[in-house]
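The values are calculated or read from the model by the stated rules, or taken from the named source; none is laboratory data. The structure displayed is predicted, hence computed values, not measured ones. Methodologically, a virtual Cβ is constructed for each residue, glycine included, from the backbone with ideal geometry; neighbour enumeration extends over all protein chains shown.
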Amino acid sequence: MQLRHRGRELVALDSDALDTVRMFFQVLGPVQMLVQHGAALPLRGARLSTLLALLLVNAPAVVKRDVLIEELWAGRPVKDPVNALHLHIAKLRVLLGRNSGLLQTRKGLGYRMGLSADMLDATRFARLAAEGNDHLDQGRPADAAAVLQEALRLWRGPALEGAGDSVAIAGERARLHELRLVASEHLAEARLAQGQHVALVPELKALVAEHPLRESLRGLLMRALYGAGHQAEALEVFDATRGVLRDALGVSPSPPLRALHAALLAHDTHALNAPRRGPAATPPPPGPRNAPSRVVPGSGSRTTGEAGRTGGLVPPLDAFVGRRADLGAITEAVRQNRLVTVVGPGGVGKTRIALQTADNLREEFPDGICLVELAPLPAGAGPDRLVAAFAEALGVPDSPDWIPQLARLKAALAGKRMLLVVDTCEHVRQGAAHTVDALMRGCSAVTVLATSREALAVPGETAFPLRPLPLGEAVELFRARMTAATPDLGWDDATRASAAAVCRRLDCLPLAIELAVGRTRMLTVPDIEARLADGLHILAQTPVPAPERHRSLYATLDWSHELLGADEKRVFHDLSVLVGTWDLDAAEYFCADTTLSGAEVVDTVGRLVGKSLLAPLRGAGSSRFRMLETVRIYAHQQLVASGREEEVRTRLAAWTSTRPESAARSGPEPHSGRHPARPTAPARRDAVWTARSQGTCRSCSLTS
């Protein structure tokens, strides 16, 4: 049996009838499940309400099992959280009766509610609010008022009441209340356009008292007072606003509010009665009055929040050279996807191309572009530090203790069509992924362009691998930067040839090329080429303005190296003695021993590829791998420093001297079923030289 309302009376409802009863879900007030004729199905227990709320506000997306466990039992660990979650899912299915098919399991992922658009009050509210706003934009205030009043009648109290105060619930609650305020302001605007100034004054005064820092409400109140014949009181509202903003935030009224004040003084009825788009009609979320310089205002006519209002993301001063195909592909990827991560090794130019992409897309994000720089954060920083970094970049002030910072951040971004450029994620990858995932779920109009040496692994992410420059573009970059740095140096065929040799030696990595160009203040290009033949020490430190991790090639590689685990470091170091290309069989045979199995070596190689320290080369046959030469030299120096070089080279020599000839004679290795691939000629020469110098090779040859 279930219960159904009949007036104020609860009557029994047979659960067998639920297969033909249409269901409706409510979150704009207490969380409820209703069946036909308004029968409410009882939700017993706060966690059951929270579980249903989490599934509803994310519908129809899948909510990960781990996310549900964290939200339901955060800070209150349970002995067997998976089993406890299954128990609550089962209870919810029982309540749904024969409609339990709405609650769907995605094996290995989580759960989702398969709702149609008209089954959730929040979805219906958003549709009506958007429809009302369209009527307002098209000059139909009476239609707008009717639709917006219908939308606001869906609210029965505070959003998600009874669903707890987890981070996700608090963020969604703040977002929904923000949308409610926006709809209320649009309704007030529609009624002003119909001449209802007198009736609106007390309603707007009550809203201003509830939200004293919201300039949009104060602007509407000023217009209502003026239309009601109270010009002096309208001017007093502006003076009061100036004092409140100064005392609370240390800022002055915004330009739109100052313009409204000027119109009041000038009795400019056209300006006062014109439909207001911008801050007077579409309110900013709670946040600071002035955004930092990392935020670029959008160019659209609609200004919906503080982040898009002031400041400017200063583009790099140097010209963008080459990479036109990559730039076009990343730009299109950002247009088509909400999360794009540019992935590549240190120094390949991820940040530069991300900033250029953002600049190209400036016109397409009317609420602005914000750069969130994560490099200053310590390695392994958790979600709280990441959320604080996002908030600082966006200019969102610290939250009171009772408002989670993530909720405030979501409220600040609610409804905004904005691009966030999140730079340098690899050392805080888990925290960055958690924060980006939360923002993507809670802020449907926000797009994220991230840079990282390893993909974030967030659902919906599009990873774009960025490779070193083609040789021609690398030489052109060398020339452009050299001409800017030392215009007195000539550029002839000999210089071009030396520059090409330098670029090849540096794997055509933009950062390494920039560092080499920094040496042209004291050396000629042929001098640089000659010194690079003795190693990369010439690039150990160059006087170029850059973040600490980019001031030398070693600093860039150190940054990646410090993020590796012990097994990853060991395999990374060991593989540095393989010059050229090799396949997984070679790595497995060469690196596996009593402490690391062949399968673990393969898995570690995969992680090194993911961290952009190994480059996969896919052809018609099996996949092969290589290290960029600059990376290999660094890894070999780490191997030497570890004291294991002699052990590794002895192993390499023994392997090279017995393969593939002995493998062909004795058949495939039992553990792999395949013959380990023969190393390339450079690797064989290196191994033969080592083996002969140590007297361990009696049958090595230099065949290529």
Out of everything in the range 641-659 that is at pLDDT 70 or above and not in a helix (DSSP H, G or I), what residue ends up being surrounded by the most Cβ atoms within 10 Å (Cβ to Cβ)? R644
Among the helices (runs of 4 or more DSSP H) confined wholly to the range 504-568, which include 1 or more residues that are under 28 Å from the mean Cα position of the chain (by Cα) and at pLDDT 75 or above? 510-518
Out of (1) hydrophobic (A, V, I, L, M, F, W, C); (2) at pLDDT below 80; (3) within 25 Å of F320 (Cβ to Cβ), what's the single condition that is false for A494? (3)
Restricting attention to strands (runs of 3 or more DSSP E) lying wholly within the range 16-119, give those where 2 or more residues are at pLDDT 90 or above and under 27 Å from H177 (Cβ atoms). 23-26, 32-35, 110-113
List pairs: first residue in the range 599-624 and closer than 13 Å to R453 by Cβ, second residue modelled with pLDDT under 80 and small (G, A, S) anywhere in the structure, Cβ distance under 7 angstrom, at least six positions apart or on different chains. K611/S560; L613/S560
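Each row is one residue, and each column tells you yes or no for (1) surrounded by fewer than 21 Cβ atoms within 10 Å (Cβ to Cβ); (2) closer than 30 Å to L68 by Cα; (3) in contact (Cβ under 8 Å) with a residue 12 or more places away in the chain.
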| site | (1), (2), (3) |
| --- | --- |
| G442 | no, yes, yes |
| R453 | no, yes, yes |
| A457 | yes, yes, yes |
| P468 | no, no, yes |
| V475 | no, no, yes |
| A497 | yes, no, no |
Would you please list the contacts, defined by Cβ atoms under 8 Å and residues six or more apart or on different chains, that run from a residue in the range 358-385 that is basic (K, R) to a residue that is in a helix (DSSP H, G or I)? R385/V428; R385/G431
R180 closer than 30 Å to E70 by Cβ, touching a Lys or Arg at 6+ places or on another chain (Cβ under 8 Å) and among the basic types (K, R): no
Can you find even one residue in the range 449-466 that is modelled with pLDDT of 80 or more, assigned to a helix (DSSP H, G or I) and polar (S, T, N, Q)? no
Got a sec? Which of P376, P345 is closer than 19 Å to A455 by Cβ and not basic (K, R)? P345
Could you grab me the full set of residues in the range 152-183 that are in a helix (DSSP H, G or I) and at pLDDT 90 or above? L152, R180, L181, A183
Could you go through the range 149-171 and let me know if any residue there is farther than 25 Å from G45 by Cα, hydroxyl-bearing (S, T, Y) and outside the structural domain of A457 (by TED's automatic domain parsing). no
Selection status of L617, modelled with pLDDT of 75 or more and either under 25 Å from L639 (Cα atoms) or not assigned by TED's automatic domain parsing to the domain that holds S452 (or both): no
Got at least one residue in the range 413-422 being touching a residue at least 24 places away in the same chain (Cβ under 8 Å) and assigned to a helix (DSSP H, G or I)? yes
